[in-house]
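Everything on this sheet refers to the single structure shown next.
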Amino acid sequence: MRGRLRRFRPRTRPRYQGPSFNRLVPNILTMLGLCAGLTAIRVALDAEWEKAAVLIVVAAAIDGLDGRIARLLKATSRFGAEFDSLSDFLCFGVAPGLVLYMWTLHDARGIGFAPCLLFAVCSALRLARFNASLEEAPALALTGPPPKPAYAQNFFTGVPAPAGAGLALFPLFAALTFTEWNLPGLAAAARHPALSGVLLVVVGGLMVSTLPAWSFKNFKVPAEYVLPLLLGVGAYVAVLLTEPWAALAVASLLYAGMLFFSVRSYGRLKREAEAMLEPVVIASQDDRANG
């Protein structure tokens, strides 16, 4: 009888120690983005420039999703932040420079590698500064950047690494566009090493600068602009599916032009915040004695 009772006894589900699968989803996405960046370098070695550009764009799209998904799933961690920074360095600091070097900058011989090296160094410094800002309570008062004021929470300090990679790859996007449009003269001009070299240096400087750039994390759209925004996004997706290289080139130009409005918006918010502060007058000892 006891043997029969043991046979029908409900089995208990074993419990395993460790994080849930939801907490691993952001890290899995980051790993996929890292693989995309590594594969971009590999296909660039075979002169498959279209595939290399697409893989870097895919890595940028994944980088825009993994952080937001981590916040939605409440799966943010220090390990995830460090892993994301290492992936960003390879995908957006190393891969774009190497792709451009193998595409056109190798024609300039040894000097053509200097802009690629500078771009990678600037990307590493920009990501290191970002990691330092994640420290909530530094051990020393002088370590790490000071906390941002409220009006600066929606701005990056310097151009972020994925956007910098998109700006740096503009000559490749433009050359592929002109090639498809059967404009060999413009395609050859876009492929000139000087254009890619200067752009790498300029974009690298923007990444390590203190230029305020919109982060779009808490960006709120007014109600009257929701429908035009949706129509604009739909139109851009249509162009992206029919003329992908032209759409990516236009996106790079639009982001570069948007930096001017970002700086202006930051300055306006800063002036408004400073105007709200009331001056505090501290009386001197002589005034206290006379009073």
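None of the figures in this text is laboratory data; all of them are computed from the coordinates on show. Keep in mind that this is a model prediction, so the values were computed, not measured. Glycine also receives a Cβ, built like all others from the backbone with ideal geometry; neighbour counts cover every protein chain displayed.
Spin-label model, F79/Q153: points 7 Å from Cα along the beta carbon direction are separated by 2.9 nm. Amide H contacts of F156 (H built 1.01 Å from N, in plane; Pro and chain starts excluded): A213, W214, S215 sit under 5 Å, all sequence-distant by 5 or more or on other chains. By the gyration tensor of its Cα atoms, with a ≥ b ≥ c the square roots of the eigenvalues, what is the shape of the range 181-257: rounded for a/c under 1.5, prolate for a/b over b/c, or oblate? Oblate is the answer for the range 181-257, as a/c is 1.5 or above yet b/c matches or exceeds a/b. The order of the peptides 209-216, 35-42 by mean Cβ neighbours within 10 Å, most packed first, is 35-42, 209-216. Couplings for the range 180-186, taken from phi via the Karplus curve 6.51 cos²θ - 1.76 cosθ + 1.60 with θ = phi - 60°, read 5, 8, 6, 10, x, x, 5 Hz in order; Gly and Pro are left as x.
Considering all different alpha carbon pairs of the range 212-254, the Kirkwood hydrodynamic radius works out to 12.0 Å. Which of the trypsin sites (Lys or Arg not before Pro) across the range 208-276 are loop residues per DSSP, with 13 or fewer other Cβ within 10 Å? The qualifying sites are K217, K220.
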